[in-house]
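Novice: Supplied in structure tokens, the structure appears directly below.
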Amino acid sequence: MSMSRSILMNEGKAHIFNLNSIYDNSKEAVFVTDGYFDTLSIIEDRANALALNSTSNADKLIEQLQKQRTQATLILCLDNDDAGRKAKETLTDGLKRLNISYVTADICNDCKKPNEALQTNRETFSEAIRTALNQTSARPDDIST
């Protein structure tokens with residue numbers, strides 16, 4: 001089976017999409033989403049993002065950050081559902097333990113996913129992205145200084 005067919009059929013292990021974005025020192029902030037469509041929606045708005053591609057990959061992202069830290073502030077904007085909330089909890093616990101800067105942001109505007117928010121109202125979605133980016137310079141949720 002070809003790789004593209006495997007990806008389309010959700011076969012095999014889900015890998016973190018656009019992981020290298022957190023290691024680009026020119027990026028001050030990187031959004032963390034559940035799915036790659038959500039990440040692409042944020043990138044379309046000229047911001048930086050990565051996708052867990054499975055909420056179970058929250059632990060994998062923390063493991064990766066243990067091996068190689070990031071200088072970017074991570075903006076957690078996971079889906080508004082139980083799996084997204086659980087992944088956000090895993091990430092916040094791990095990021096606090098690793099003393100990595102992060103903020104949480106609701107960019108979904110009453111939608112379940114960032115991509116849905118973009119499709120529902122592009123202007124409101126873009127405003128939410130800008131607000132989240134401004135939040136990273138104002139006061140990260142973490143307690144590191």
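Novice: Any idea how many residues of region 33-89 are under 10 Å from the mean Cα position of the chain (by Cα), farther than 19 Å from ILE100 by Cβ and small (Gly, Ala, Ser)?
Specialist: Selection size over region 33-89: 1.
Novice: Residue check, PHE31 against (1) at pLDDT below 95; (2) of a type in the set (A, V, I, L, M, F, W, C); (3) part of a strand (DSSP E or B), all met but one. Which one?
Specialist: In the conditions (1) at pLDDT below 95; (2) of a type in the set (A, V, I, L, M, F, W, C); (3) part of a strand (DSSP E or B), PHE31 misses (1) alone.
Novice: Scan region 74-100 for residues that are open to solvent by less than 40 Å² (accessible area, probe 1.4 Å) and touching a residue at least 40 places away in the same chain (Cβ under 8 Å) and report the count.
Specialist: Count: 12.
Novice: With the structure loaded, tell me whether GLN71 is surrounded by fewer than 17 Cβ atoms within 10 Å (Cβ to Cβ), touching a residue at least 40 places away in the same chain (Cβ under 8 Å) and either acidic (Asp, Glu) or closer than 28 Å to GLU127 by Cβ (or both) or whether it fails that test.
Specialist: Here the answer is yes, as GLN71 does meet what is asked.
The values are calculated or read from the model by the stated rules, or taken from the named source; none is laboratory data. Here the structure is a predicted model, which is why all the values come from computation and not from measurement. Cβ coordinates were reconstructed from backbone atoms using ideal geometry, including for glycine residues, and neighbour counts include every protein chain displayed. Just so you know, the surface numbers come from the protein's heavy atoms only, side chains and all, with ligands and any DNA or RNA stripped out. Shrake-Rupley method; radii C 1.70, N 1.55, O 1.52, S 1.80 Å.
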